[in-house]
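Structure first, commentary second.
The values are calculated or read from the model by the stated rules, or taken from the named source; none is laboratory data. In this text the structure is predicted, and so the values were computed from the model without any measurement. All Cβ positions, even for glycine, are placed from backbone atoms using ideal geometry, and neighbour counts span all protein chains on display. Quick note on the areas: whole protein, heavy atoms, side chains included, nothing else; ligands and nucleic acids left out. Shrake-Rupley method; radii C 1.70, N 1.55, O 1.52, S 1.80 Å.
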Amino acid sequence: KLFLATKFSSNAGRDAATASMQASLRRLKTNRVDLMQAWNVGDPAFDTGLMREWQKQGLCRYVGMTTSFSGQYTAIAKVVAREKPDFFQVNYSLGDREAENVLLPTARDAGAAVLVNLPFGRNSLFRRAGGRPLPDFAAEFGAQTWAQFFLKFILSHPAVTAVIPGTDKPEYMLDNLQAGRGPMPDAAMRKRIVAYWEAL
């Protein structure tokens, strides 16, 4: 089933935010979305009041907030803990695990579903893997490509709900989808993956 998610700038005032939301509805040709997110929240005083109003009006089913910058982590952690959004979106990958320290536990404690952006580290993970074959142990959790290897690592984190790989190539989309099938790395395997990656 289609799940419509969009966002507006967290820095926008009430009128600008409302205009942005209305523009999104027009562009998506719908009168409601499943998820409305405040984009790149960096103000520790940010509140979800306006989004909660939209939610009560039936304009969105869920409310959330996003970040993809470590410089916002301290601020947004406070907002997530206080506001308890339905969804929280953060950058997280095998090559950038800083979100594990505070943000993922905070989101889990707040009851927020976690969406992961930049799962390939803006393609830096593929560059680092280079032309290497997958390690033999990748077969133990069903990873057949590097994309699946990276995505299964993220999906196996207990706080993570879904990953947003982002691609415009159908063959990549099909490859990415396979990461959601079959076994996932357990805690011991996750440590093995990290050790392997850090040794590259």
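Please work out which residue is least open to solvent (accessible area, probe 1.4 Å), limiting yourself to the range 53-86 and to residues that are in contact with a Phe, Trp or Tyr (Cβ under 6 Å, 6 or more places away or on another chain) and among the hydroxyl-bearing types (S, T, Y).
T66
Just to verify a result, which residue in the range 165-183, among those that are under 20 Å from the mean Cα position of the chain (by Cα) and open to solvent by less than 70 Å² (accessible area, probe 1.4 Å), is nearest to V116 (Cα to Cα)?
P165
Anything in the range 23-52 that is of a type outside the set (A, V, I, L, M, F, W, C), touching a helix residue (DSSP H, G or I) at 6+ places or on another chain (Cβ under 6 Å) and crowded, with 18+ Cβ neighbours inside 10 Å? List them, or say none.
Within the range 23-52, just T48 meets the criteria.
Which count do you get for residues in the range 87-116 that are in a loop (DSSP other than H, G, I, E, B) and either surrounded by 21 or more Cβ atoms within 10 Å (Cβ to Cβ) or touching a Leu at 6+ places or on another chain (Cβ under 7 Å) (or both)?
Counting residues in the range 87-116 that are in a loop (DSSP other than H, G, I, E, B) and either surrounded by 21 or more Cβ atoms within 10 Å (Cβ to Cβ) or touching a Leu at 6+ places or on another chain (Cβ under 7 Å) (or both) gives 4.
Restricting to the range 58-86, what's the tally of residues that are of a type in the set (V, I, T), in contact with a Ser or Thr (Cβ under 7 Å, 6 or more places away or on another chain) and either closer than 15 Å to N101 by Cβ or in a loop (DSSP other than H, G, I, E, B) (or both)?
Going through the range 58-86 one residue at a time, the tally reaches 2.
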